[in-house]
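Undergrad: Could you have a look at this structure, given as structure tokens, before my questions?
The values are calculated or read from the model by the stated rules, or taken from the named source; none is laboratory data. Since the model is a prediction, treat every value here as computed from it, not as a measurement. Cβ atoms come from the backbone with ideal geometry, glycine included; neighbour counts cover every protein chain shown.
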Amino acid sequence: MAPAQEQLEGEQIVAQNEDGTNCIERSRVTVIGSGNWGSVAAKLIASNTLMLDSFHDEVRMWVYEEVLPSGEKLTNVINQTNENVKYLPGIKLGKNVVADPDLDNAVKNATVLVFVTPHQFMEGICQRLVGKIKPDVEAISLIKGMEVKMEGPCMISSLISDQLGINCCVLMGANIANEIAVEKFSEATVGFRENKEVAERWVQLFSTPYFQVTAVQDVEGVELCGTLKNVVAIAAGLVDGLEMGNNTKAAIMRIGLREMRAFSKLMFSSVRDSTFFESCGVADLITTCMGGRNRKVAEAFAKNGGKRSFDELEAELLQGQKLQGVSTAKEVYAVLSNRGWLEMFPLFTTVHEICVGRIPPTAIVEYSEHKPKCCLT
Ligand SMILES: NC(=O)C1=CN([C@@H]2O[C@H](COP(=O)(O)OP(=O)(O)OC[C@H]3O[C@@H](n4cnc5c(N)ncnc54)[C@H](O)[C@@H]3O)[C@@H](O)[C@H]2O)C=CC1
Ligand SMILES: O=C(CO)COP(=O)(O)O
């Protein structure tokens, strides 16, 4: 870590104190998002900014404001108790985390932006940020998801880069937020495009003894791993709900991983096989299929025979937290359908068709040589 720190400080713009002496211009971090993972990300970063001379201590966290059943505003409660009582109850974020409900104010002094909201809100957030951020800001996306536009699919890091004109790395991994919140050991992967020094700076900002981060030069591969595993997690949850057992679930995960790799490489020929062996790849697939929210809601969907919608079950089981897998399955399906690839991706295709009620949950495990659409063939 020491060399990265030296490089970092060597690169800093020198500012002047009031008495005319030189000092290092410290970076200011704003986290855009304050859900389950957003709050944990703020906690991780806040523990590090206190120790790194090149960062201001304060970490600003933009909160999508809501009124709690007590009648209090979530932002006020976070600032009074130092806890996100709705999305991460029982965990102190660090006294240097400041919740801010005003997006413009939250970003106005930031030189470092960490994006971590459910992916469906990012287009609107980016539109609101145009012209509001400093031009030399560095950004990272922790968001697992993609958008599909008329001109084709767009990863969230590209949406951020294109709309705001800034560089954007990604951080993905086997990162169930509640486990990292209580400081259980985890790993994560930073994906970067060209600038290794910027990637090392992100590694430095996020790494703790219990959160080990490594960087790989494959931004699309890392982001697609994080995005696509949520579709496989829906399939794993369906298998759990159908009580099919561990062998079937392992088969679903293997087929899912194969489709993740094939889809990623068709989308971006630069995607590296080695990325699938990083935390963002096979490890995230395993943890999400074992213990994630997508798995949990899909299990309930299958147990109810597909009679209660994902939206209804999400609201009931997640209490305001958001699923990414159902909308990602729809987005992936749109890409596959537009390109005539549906038959090549039976698992991704089947997951979407189950989610929208076109076929029953049991279709995830129907196998037959005579049923070309089934995923277990
Ligand atoms: N929770 C986890 O364990 C992990 C989540 N992620 C990813 O992080 C991203 C963010 O997820 P979480 O922090 O877990 O969020 P979450 O699902 O816990 O919470 C939902 C968030 O969305 C906000 N929200 C609701 N309506 C909104 C609107 N109209 N505009 C903007 N924000 C709105 C809520 O205030 C809340 O902060 C997702 O892409 C997820 O896949 C990645 C790794 C782990
Ligand atoms: O991405 C995650 C773990 O790395 C969390 O997945 P879920 O959204 O399914 O909980």
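Undergrad: Quickly run through the range 234-252 and pick out the residues that are surrounded by fewer than 24 Cβ atoms within 10 Å (Cβ to Cβ) and under 22 Å from F310 (Cβ atoms).
TA: D240, G241, L242, E243, M244, T248, K249
Undergrad: Is it the case that the range 353-363 has a residue that's within 16 Å of ligand 2 (Cβ to nearest atom) and part of a helix (DSSP H, G or I)?
TA: Yes; the residues of the range 353-363 include at least one that is within 16 Å of ligand 2 (Cβ to nearest atom) and part of a helix (DSSP H, G or I).
Here's the yes/no breakdown for (1) touching a Ser or Thr at 6+ places or on another chain (Cβ under 6 Å); (2) without any contact (Cβ under 8 Å) to a residue 60 or more places away in the chain; (3) in a helix (DSSP H, G or I); (4) basic (K, R):
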position	(1), (2), (3), (4)
A262	no, no, yes, no
S274	no, yes, yes, no
G306	no, yes, no, no
A334	no, no, yes, no
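Undergrad: If you take just the strands (runs of 3 or more DSSP E) that sit entirely in the range 1-63, which of them hold at least 1 residues that are modelled with pLDDT of 95 or more and more than 16 Å from ligand 1 (Cβ to nearest atom)?
TA: So the answer is 27-32, 55-62.
Undergrad: Further question: Residue check: is N338 modelled with pLDDT under 95 and assigned to a helix (DSSP H, G or I)?
TA: In short, yes.
Undergrad: Here are the criteria: (1) in contact (Cβ under 8 Å) with a residue 24 or more places away in the chain; (2) exposed (fewer than 15 other Cβ atoms within 10 Å of the Cβ). Tell me which single one V116 does not satisfy.
TA: (2)
Undergrad: Given the criterion among the acidic types (D, E), in contact (Cβ under 8 Å) with a residue 40 or more places away in the chain and out of contact with any Asp or Glu (no Cβ under 8 Å at 6 or more places or on another chain), identify the matching residue among E200, E151.
TA: Testing whether each residue is among the acidic types (D, E), in contact (Cβ under 8 Å) with a residue 40 or more places away in the chain and out of contact with any Asp or Glu (no Cβ under 8 Å at 6 or more places or on another chain) leaves just E200.
Undergrad: Just to be sure before I move on: is L224 in a helix (DSSP H, G or I) and under 26 Å from V31 (Cα atoms) in the structure I sent?
TA: Taking the combined requirement at face value, the residue satisfies it.
Undergrad: P135 fails exactly one of the following numbered conditions: (1) free of Cβ contacts under 8 Å to residues at least 60 places away in the same chain; (2) under 26 Å from N84 (Cβ atoms). What is the number of that condition?
TA: (2)
Undergrad: Does Q204 satisfy being more than 14 Å from ligand 1 (Cβ to nearest atom), modelled with pLDDT of 95 or more and either in a helix (DSSP H, G or I) or buried (at least 19 other Cβ atoms within 10 Å of the Cβ) (or both)?
TA: So Q204 passes the test.
Undergrad: Still on this structure: Can we say N178 is of a type in the set (S, T, N, Q) and surrounded by fewer than 19 Cβ atoms within 10 Å (Cβ to Cβ)?
TA: Yes, satisfied.
Undergrad: Next question. Report, by residue number, each residue of the range 182-201 that is within 16 Å of ligand 2 (Cβ to nearest atom) and crowded, with 20+ Cβ neighbours inside 10 Å.
TA: S186, A188, T189, V190, G191
Undergrad: Within the range 149-174, count every residue that is within 18 Å of L228 (Cβ to Cβ) and either touching a helix residue (DSSP H, G or I) at 6+ places or on another chain (Cβ under 7 Å) or crowded, with 24+ Cβ neighbours inside 10 Å (or both).
TA: 10
Undergrad: Determine whether M253 is over 20 Å from I143 (Cβ atoms) and not in a helix (DSSP H, G or I).
TA: When the stated conditions are applied, M253 does not pass them.
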